[in-house]
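Colleague: Please find one structure pasted underneath; my questions will follow.
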Amino acid sequence: MTTAVEKLSLQAIEQSQVIRVAGASLTVGGLVSAAVILGVTFAASWLVTRALRRVRERADRSRQAVYLLERLAGYAIIVIGVMSALSAAGVNLSSLAVFAGALGIGVGLGLQGVVKEFVSGLFLIFDRMVSVGDYIEIEDIGIRGAIMEIGPRATRVRTNDNVNVLVPNSRFIEQPVTNWTLRGDTRRIHVPFAVAYGSDRGQVRDAVLAAARASPFTLPETEARKSQVWLVGFGDKGLEFELLVWPTRDAVKRPAAMHAAYTWLIADALDGAGIEVPFPQTDLRIRSAFGLEGDDALRRLGYGRGTKPTPAAPQGQTAASNDAAEDLMKAEDEEGPLEPAPGPPPGRTGG
């Protein structure tokens with residue numbers, strides 16, 4: 001008898017009306033069922049996306065396809081779960097047409113920014129002009145790094161200093177963005193350098209090209225991709241050159257270290273060939289000072305003949321190591337590299 005009474009009491013509590021929405025009565029039992037369904041939905045979405053993320057991280061190919069499946073599966077599970085929860089709560093979905101229209105107006109007015117970013121994120125996922133793993137550069141705001149995640153509101157970009165920057169999804173659609181690794185390809189870079197006037201231009205070219213071709217982060221030459229040295233100008237201090245080289249894809253993702261490594265190689269090549277690098281200098285001609293002229297005037301000022309010679313460099317010094325080159329080689333074996341904060345752009349792409 002007591003058991004029957006308890007069952008009737010529980011059934012009465014379960015069917016007791018809490019609120020009435022859109023012509024539907026929401027009961028305690030329906031709300032509890034809806035809460036359970038939502039909990040299971042979010043847990044299933046988390047587990048599925050986590051499993052697909054692990055598959056994507058271990059996959060060598062089709063990472064973008066797995067990422068697309070990961071995002072769509074997460075969104076689909078949540079949408080189906082929410083609809084099921086509303087149905088379990090006793091809400092007639094067909095009766096929500098008016099309410100949905102009013103809600104749509106509210107979203108359009110108050111949440112248009114959020115909806116804009118969400119739709120932009122979907123475009124980024126399907127368009128694939130910017131994908132997870134690509135190395136991008138946004139020049140006007142000074143951000144350069146690898147895309148780690150495309151979220152519903154913002155895209156997470158990790159710089160080489162291991163700083164995570166959240167960029168609104170619409171920024172990649174409405175403004176110019178440089179994708180250094182689009183379609184998994186590499187880019188030609190320009191590394192400027194200069195030598196003193198009077199240097200043998202052919203010797204400069206041969207020495208720098210030999211050093212660039214011997215570098216482990218330079219791609220093998222083909223008919224369409226050749227390393228070159230251009231004479232681009234006559235500067236105030238010397239001849240201005242540019243090394244044009246095709247680096248590996250991993251090196252392209254680290255532009256500051258790549259630029260520093262090639263600059264170091266050029267300096268070593270010029271030193272080995274005995275080619276002088278220009279330095280700032282000013283020619284001063286004094287006709288008269290303190291009533292003296294020529295060398296007498298220079299000696300009175302502390303210059304010219306008789307001044308103390310500059311001591312010679314010590315002999316037997318060991319060659320310094322190229323830290324940037326070592327950093328680039330290390331990046332091929334492990335992910336998440338660090339490098340000094342990026343300075344000016346490493347050079348122009350294209351011809």
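Colleague: For Glu139, tell me the accessible area in Å² from a 1.4 Å probe, rounded to the nearest 10.
Modeller: Glu139 exposes around 130 Å² with every protein chain in place.
Colleague: If you don't mind, there's one more thing I want to ask. Subtract the Cα-Cα distance of Asp296 and Glu276 from 0.36 nm times their separation in residues, and report this length gain in nm to one decimal.
Modeller: On the way: separation 20, 0.36 × 20 = 7.20 nm, distance 3.13 nm.
Working it through step by step, the gained length comes to 4.1 nm.
Colleague: Under a 5 Å amide H to amide H cut-off, with H placed in plane at 1.01 Å, what residues pair with His190 once short-range neighbours are removed?
Modeller: Amide H neighbours of His190, under 5 Å, 5+ apart: Arg348.
Colleague: Calculate one ³J(HN,Hα) per residue across the stretch 65-76 by plugging θ = phi - 60° into the Karplus curve 6.51 cos²θ - 1.76 cosθ + 1.60, and present them in order as whole Hz with x for glycine and proline.
Modeller: Couplings: 5, 5, 5, 4, 5, 4, 5, 5, 5, x, 5, 5 Hz.
Colleague: Under a point spin-label approximation (7 Å from Cα along Cα-to-Cβ), what is the Val79-Ala196 distance to one decimal in nm?
Modeller: Result: 7.1 nm between the two label points.
Colleague: In terms of modelled amide H atoms, which long-range or inter-chain residues lie less than 5 Å from the amide H of Val165?
Modeller: Val157, Arg158, Thr159
Colleague: On to the next question. Out of residues 5 or more away from Phe217 or on other chains, whose amide H comes under 5 Å of its own, with H placed 1.01 Å from N in the peptide plane?
Modeller: none
Colleague: Work out from phi, with θ = phi - 60° and the Karplus expression 6.51 cos²θ - 1.76 cosθ + 1.60, the ³J(HN,Hα) of each residue of the stretch 137-144, listed in order in whole Hz, and give x for Gly and Pro.
Modeller: 9, 10, 5, 5, 10, x, 10, 8
Colleague: Tell me, in nm to one decimal, what length is gained between Trp46 and Arg128 on full extension, where the rule is 0.36 nm per residue of separation less the Cα-Cα distance?
Modeller: My answer for the length gained is 27.1 nm.
Colleague: Taking θ as phi - 60°, what are the ³J(HN,Hα) couplings along the stretch 37-52 by the Karplus curve (6.51, -1.76, 1.60), each to the nearest whole Hz, with x for Gly and Pro?
Modeller: Rounded to whole hertz, the list is 4, 5, x, 5, 4, 5, 5, 5, 4, 5, 5, 5, 5, 5, 5, 5.
Colleague: Shifting gears a bit: Compute the relative contact order of the stretch 126-167 as a whole-number percentage, counting only Cα pairs closer than 8 Å that sit 6 or more residues apart in sequence.
Modeller: With pairs under 8 Å counted, the relative contact order is 25 percent.
Colleague: What full-extension length gain, to one decimal in nm, is calculated for Val232 and Val36 as 0.36 nm per residue of separation minus the Cα-Cα distance?
Modeller: 63.5 nm
The values are calculated or read from the model by the stated rules, or taken from the named source; none is laboratory data. Computed from a predicted model, the values in this text were never measured in an experiment. Here Cβ is always computed from backbone atoms with ideal geometry, including for glycine, and neighbour counts include all displayed protein chains. Heavy atoms of the whole protein, side chains included, go into the accessibility calculation; ligands, DNA and RNA do not. Shrake-Rupley method; radii C 1.70, N 1.55, O 1.52, S 1.80 Å.
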